[in-house]
Amino acid sequence: HDPRQIPSPFIDKPAPAFKLSTLHAANIDVQLDDLKGKVSLLNVWASWCVACRTEHPLLVAMAKDNPVNLYGLNYKDTREDAIDWLKQLGNPYIESAFDQTGKTGIDYGVYGVSETFVIDKEGIIRYKHIGPLNKQDIDNIILPMINQLASPTS
């Protein structure tokens, strides 16, 4: 039994709305509406997360090599630690929402970090990946799904 195959009640349902300050600027907000209009990835991460460190170079490479609308949800972290972590390892995110209390993560049914959601242009969750992404996940699931959902016929 693969623990990453936990069914999510959010698949094919609207992503929960959120409005959080950005990681880098407490006076600027990021919200679900910022993700709409393009197929987006929402990657839940934290500086204290060992699995996040494993997948992070792949996210950096994916963001560099592909036109991916990648947002982060920084989960139960400190602003300073998270910013330092991105400075050290690179920042693949268009923006990271700062979810210090974890409330937004709970709204998304996050079991733990890392988790990644594929959200379509209308804000519907189409896929949830539990655990760190690997190159096979990105090449065989994530990017094909993004391309399919982004096509004009979908």
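FYI, it's all coordinate maths here, none of it is from the lab. The model shown is predicted, which means the values in this text are computed figures rather than measured ones. Methodologically, a virtual Cβ is constructed for each residue, glycine included, from the backbone with ideal geometry; neighbour enumeration extends over all protein chains shown.
Which percent, to the nearest 5, of DSSP beta bridges fully inside the chain are antiparallel? Write out the running numbers ahead of the final one.
Values: 15 of 26 bridges.
Approximately 60 percent, going by the DSSP bridge assignments.
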For segment 18-106: span of alpha carbons on each principal axis (Å, largest first): 32, 29, 23
Electrostatic dipole magnitude of the chain [Cβ: Lys, Arg +1; Asp, Glu -1; Cα centre; debye, to 20]: 100
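Trypsin sites (Lys or Arg not before Pro) within segment 105-148: which are DSSP loop residues with at most 12 other Cβ atoms inside 10 Å?
Values: sites: K121, R126, K128, K135; in loops: K121.
Loop-located and lightly packed - none at all.
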Calculated from backbone phi, Karplus (6.51, -1.76, 1.60) coupling profile of segment 55-61 in Hz, x at Gly/Pro: 7, 4, x, 5, 5, 4, 5
Proximal charge balance of G123 [Cβ under 14 Å; K/R count +1, D/E count -1]: 0
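Expressed in whole Å with the largest first, what are the equivalent ellipsoid semi-axes of the chain derived from the C-alpha gyration tensor as the square root of 5 times each eigenvalue?
The three semi-axes for the chain are 21, 17, 16 Å.
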Net charge of neighbours whose Cβ lies under 15 Å from the Cβ of K135, counting Lys and Arg as +1 and Asp and Glu as -1: -3
Amide proton proximity set for S96, modelled H, under 5 Å, gap of 5+: L23, H24, G72
Stretchable slack from Q100 to W48, in nm (0.36 nm times residue separation minus alpha-carbon distance): 17.4 nm
Nearest-20 debye value, segment 48-96 charge dipole, Cβ charges on Lys, Arg, Asp, Glu: 40
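How much length is gained if the chain between H24 and I11 is pulled fully straight, taking 0.36 nm per residue apart and subtracting their Cα-Cα distance, in nm to one decimal? Please report the intermediate quantities before stating the final value.
On the way: separation 13, 0.36 × 13 = 4.68 nm, distance 2.98 nm.
Here the answer is 1.7 nm.
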Amide H contacts under 5 Å for G123, placed H, 5+ residues apart: G37
Part-to-part distance (alpha-carbon centres) for segment 44-105 and segment 108-150, which is given in Å: 15
Across K38/K128; K13/K64; K36/K87; K13/K36; K36/K128; K38/K64, pairs whose alpha-carbon gap is larger than 20 Å: K13/K64; K36/K87
